[in-house]
Amino acid sequence: QVQVVESGGGLVQPGGSLRLSCTASGMIFSISTMGWYRQVLGKERELVARITSAGFTDYADSVKGRFAISRDYAKNTVYLQMNSLKPDDTAVYYCNVRRYTDPNDYWGQGTQVTVSS
């Protein structure tokens, strides 16, 4: 099993910044992709950004140029730097971890991000 723990959410004004962190522990060998998803009540969970073991990144169009994902491979930690936040970014943000040859997705408990004046 893989345990996933997020931190860093909160309330921020429009135009502000937040940094989310996510650390994986447990059976963490062969981690492939780590990423961030978000979900608003009543809507499907959507990809925000992800980063592969080789460092390739992928972003949702709505966050390109504003968010940046990075990864500390030694600490099994992924970060999401969120700048120029908008009210539409308000959601629960979930960290996702995948391993090679493992069909399971591992999720954190979620962290609330609220963008409001």
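Magnitude of the charge dipole for the chain, about its Cα centre and with charges confined to Cβ atoms of Lys, Arg (+1) and Asp, Glu (-1), is about 160 debye.
What chymotrypsin sites (Phe, Trp or Tyr not before Pro) in segment 14-117 are in a loop by DSSP, with at most 14 other Cβ atoms within 10 Å of the Cβ?
For chymotrypsin sites (Phe, Trp or Tyr not before Pro) across segment 14-117 that sit outside H, G, I, E and B with at most 14 neighbouring Cβ atoms in 10 Å, the list reads F29, F56, Y73, Y100.
Listed by chain and number, the aspartates and glutamates whose C-alpha is less than 17 Å from the C-alpha of K75, apart from same-chain residues fewer than 8 away, are E6. Each of F29 and A68 was given a label point 7 Å from its Cα along the Cα-to-Cβ line. The distance between the two points is 3.4 nm. Between S84, S32, S62, the Gaussian network model of the chain with springs among Cα atoms under 10 angstrom shows the greatest mean-square fluctuation at S62. Amide hydrogen proximity for M27: with H placed 1.01 Å from N in the peptide plane, the residues at 5 or more positions away or on another chain lying under 5 Å are V2, Q3. Apply the a/c threshold of 1.5 to the C-alpha gyration tensor of the chain and tell me whether it is rounded, prolate or oblate. Taking the square roots of the gyration eigenvalues as a ≥ b ≥ c, the chain is prolate. Which of the trypsin sites (Lys or Arg not before Pro) across segment 33-63 are loop residues per DSSP, with 10 or fewer other Cβ within 10 Å? Sites meeting the loop and neighbour criteria: K43. Among L20, L85, L41, which one moves the most in a GNM of the chain with springs linking Cα atoms closer than 10 Å? Top of the fluctuation ranking is L41. Put T77, T52, T57 in order of accessible area, highest first, and with a 1.4 Å probe you get T57, T52, T77.
Couplings 3J(HN,Hα) of segment 29-39, computed from phi: 5, 6, 5, 9, 9, 10, x, 10, 10, 9, 9 Hz, in residue order, whole Hz [Karplus 6.51 cos²θ - 1.76 cosθ + 1.60, θ = phi - 60°; x for Gly and Pro].
The values are calculated or read from the model by the stated rules, or taken from the named source; none is laboratory data. Only a predicted model underlies this, so the values are computations on that prediction, with no experimental measurement involved. As a convention, Cβ positions derive from the backbone with ideal geometry for all residues, glycine included, and neighbour counts pool all protein chains shown. Calculation scope for accessible area: heavy atoms of the full protein, side chains included, ligands and nucleic acids excluded. Shrake-Rupley method; radii C 1.70, N 1.55, O 1.52, S 1.80 Å.
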